[in-house]
Amino acid sequence: MLGKTHFITGVALGSFAISHNVLEPTLVNWAVIVIGSLIPDIDKCGSIASDKIIIPFYLLFKHRGFTHSIVGGACLMMIVQLFLKNSEIAFLIGFSAHIVPDWLTSHGIKIFWPFSDMKKAPLTFPTGSTFEYVFSFAMSIFTLINISKMVSI
């Protein structure tokens, strides 16, 4: 998936969680959701996440490997927790918004690394395909629906 798709998917799932009182609508929660939705791509040179940090993680990890796994997500969440306490749910929402759609792409991810090399979901689609753009549009509409629920409260 493209970075903008990860971003809008994170915002969509975050707006759902906030509109259903799973999370408080704080700036910290929104920031952690966005960070969680983009940070798995710190292993890809030129990604939104890797361009914003000093350490070249793309030299340490293969793209769609460790940082796209459940184990990698747990490690990343612990690092975020060092700086932002009580942000587990927000991070999990953002991280899930990244790795589940990537798992659905034809490239897949090693979601259960190091326990399994399984990479792809049963049904997949290419990154940057028409399906991805339709998916992004649907996530945008979903976000607007959830935001309208928050505003009408």
Residue ID - surrounded by the fewest Cβ atoms within 10 Å (Cβ to Cβ), chosen from residues in the range 105-119 that are more than 11 Å from Gly65 (Cβ to Cβ) and of a type in the set (Phe, Trp, Tyr): Phe115
Please work out which residue is farthest from Asp43 (Cα to Cα), limiting yourself to the range 120-153 and to residues that are charged (D, E, K, R) and surrounded by fewer than 19 Cβ atoms within 10 Å (Cβ to Cβ). Lys149
Filtering the range 13-39 down to residues that are of a type outside the set (Val, Ile, Thr) and under 11 Å from the mean Cα position of the chain (by Cα), which residue is surrounded by the fewest Cβ atoms within 10 Å (Cβ to Cβ)? Leu38
Please enumerate the residues belonging to the range 116-127 that are over 19 Å from Ala12 (Cβ atoms) and at pLDDT 90 or above. Thr124, Pro126
Pair list, Cβ < 6 Å and 6+ apart or interchain, from the range 125-146 residues that are farther than 18 Å from Val34 by Cα and free of Cβ contacts under 8 Å to residues at least 40 places away in the same chain to residues that are of a type outside the set (S, T, N, Q) and assigned to a helix (DSSP H, G or I): Phe125/Phe131
In the range 116-151, the residues that are in contact with a Leu (Cβ under 8 Å, 6 or more places away or on another chain) and of a type in the set (A, V, I, L, M, F, W, C): Ala121, Leu123, Phe125
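The values are calculated or read from the model by the stated rules, or taken from the named source; none is laboratory data. Please read these numbers as outputs of a predicted model, since none were measured by experiment. Here Cβ is always computed from backbone atoms with ideal geometry, including for glycine, and neighbour counts include all displayed protein chains.
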